[in-house]
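Chemist: Take a look at this one; I'll ask things after.
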Amino acid sequence: VQLQASGGGLVQAGGSLRLSCAASGGTFSSVVMGWFRQAPGKEREFVSGINWPGGSAYYADSVKGRFTISRSNNQYTVYLQMNSLKPEDTAVYYCAGRRGSSVLSRTQNYDYWGQGTLVTVSS
């Protein structure tokens, strides 16, 4: 499975962006999808995850109420709608996938990774 993330950019604080992660190259059933981010000088951290086929979503406390994760009807694209963005949301955002039924928050639990897309929030 290959993952391609897109949608990053520069936005002012309070603005919105929608990230997309397109999957290809394999069977996508029973693949849990997650979004992680890594700010300069910091470790990669869990942002949000959604199970297959999309009945349950999970969020880090720092983004709860502002970000929404969803999957397309054909399950091959995952979105992260980011609203009320803050400067501290600035990071490279990565989509990731793992075969299984549970959304997990550790990077080690994910088998597939996209290349990352940069989100910059200016104050």
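Chemist: Rank ASP111, ASP89, ASP61 by accessible area, highest first, at a 1.4 Å probe radius?
Modeler: Largest to smallest exposure gives the sequence ASP61, ASP111, ASP89.
Chemist: Shifting gears a bit: Please go through region 16-123 and write out the GluC sites (Glu not before Pro) that DSSP classes as loop and that have at most 11 other C-beta atoms within 10 Å.
Modeler: Numbers: sites: GLU43, GLU45, GLU88; in loops: GLU43.
When the GluC sites (Glu not before Pro) of region 16-123 are filtered for loop state and at most 11 Cβ neighbours within 10 Å, GLU43 remain.
Chemist: For region 58-121, which trypsin sites (Lys or Arg not before Pro) pass both filters: DSSP loop (anything but H, G, I, E, B) and at most 12 other C-beta atoms within 10 Å?
Modeler: Those satisfying the criteria are LYS64, ARG106.
Chemist: May I ask for the net charge around TYR94, where only other residues with Cβ less than 10 Å from the Cβ of TYR94 are counted and Lys, Arg are +1 while Asp, Glu are -1? If you can, show how the numbers build up before the last one.
Modeler: Values: positive: ARG37, ARG44; negative: none.
Net charge in that neighbourhood comes out at +2.
Chemist: Which order do you get for VAL47, VAL1 if you rank them by accessible area with a 1.4 Å probe, largest at the top? All intermediate terms of the calculation are to be shown ahead of the outcome.
Modeler: On the way: VAL47 0, VAL1 35 Å².
Sorted descending by solvent-accessible area, the residues read VAL1, VAL47.
Chemist: Further question: Within region 7-123, what whole-number % of the accessible surface is contributed by carbon and sulfur, with the 1.4 Å probe and all protein chains included in the calculation?
Modeler: Values: 2630 of 5750 Å².
Answer for region 7-123: carbon and sulfur cover 46 percent of the accessible area.
Chemist: Would you tally the net charge around THR117, using a Cβ to Cβ cut-off of less than 15 Å, leaving THR117 out, and scoring K and R as +1, D and E as -1?
Modeler: On the way: positive: ARG18, ARG37, ARG44; negative: ASP89.
Once all neighbours under 15 Å are counted, the net charge is +2.
Chemist: GNM, the chain, Cα, under 10 Å: largest mean-square fluctuation among THR68, THR27, THR90?
Modeler: THR27
Chemist: Additional query: Taking the dipole about the Cα centre of region 50-123, with the C-beta of Lys and Arg at +1 and of Asp and Glu at -1, give me whichever of ASN83, PRO53, SER105 is farthest to the positive side.
Modeler: My answer, from the dipole projection, is PRO53.
Chemist: With +1 on each Lys and Arg Cβ and -1 on each Asp and Glu Cβ, how big is the dipole of the chain about its Cα centre, in debye rounded to the nearest 20? Spell out each step's value before the answer.
Modeler: Numbers: 11 positive and 6 negative charges, 24 e Å.
Using Cβ point charges on Lys, Arg, Asp and Glu, the chain gives about 120 debye.
Chemist: Counting other C-beta atoms within 10 Å, and keeping those with at most 14, which DSSP coil chymotrypsin sites (Phe, Trp or Tyr not before Pro) do you find in region 67-116? Before the final figure, lay out the partial values.
Modeler: Numbers: sites: PHE67, TYR76, TYR79, TYR93, TYR94, TYR110, TYR112, TRP113; in loops: TYR76, TYR110.
Filter output for region 67-116: TYR76.
Chemist: How much length would be gained if the chain were fully extended between TYR76 and GLU88, taking 0.36 nm per residue of separation minus their Cα-Cα distance, in nm to one decimal?
Modeler: 1.4 nm
Chemist: Still on this structure, I have one more. I'd like to check one number: the per residue accessible area of the chain, probe 1.4 Å, reported in Å² as a whole number. Each step should come with its number before you reach the end.
Modeler: On the way: 6070 Å² over 123 residues.
I get 49 Å² per residue for this part.
Chemist: For GLN4 and THR27, FRET efficiency with R0 = 25 Å and r from the beta-carbon atoms, rounded to 0.05?
Modeler: Values: r = 17 Å, r/R0 = 0.68.
E between THR27 and GLN4, to the nearest 0.05, is 0.90.
The values are calculated or read from the model by the stated rules, or taken from the named source; none is laboratory data. A quick note: this is a predicted structure, and the numbers were derived from the prediction, not measured. Neighbour counts are summed over all protein chains in view; Cβ atoms, including those assigned to glycine, are modelled from backbone coordinates with ideal geometry. For the accessible areas, the whole protein counts, side chains as well, though only heavy atoms, and no ligand, DNA or RNA atoms are used. Shrake-Rupley method; radii C 1.70, N 1.55, O 1.52, S 1.80 Å.
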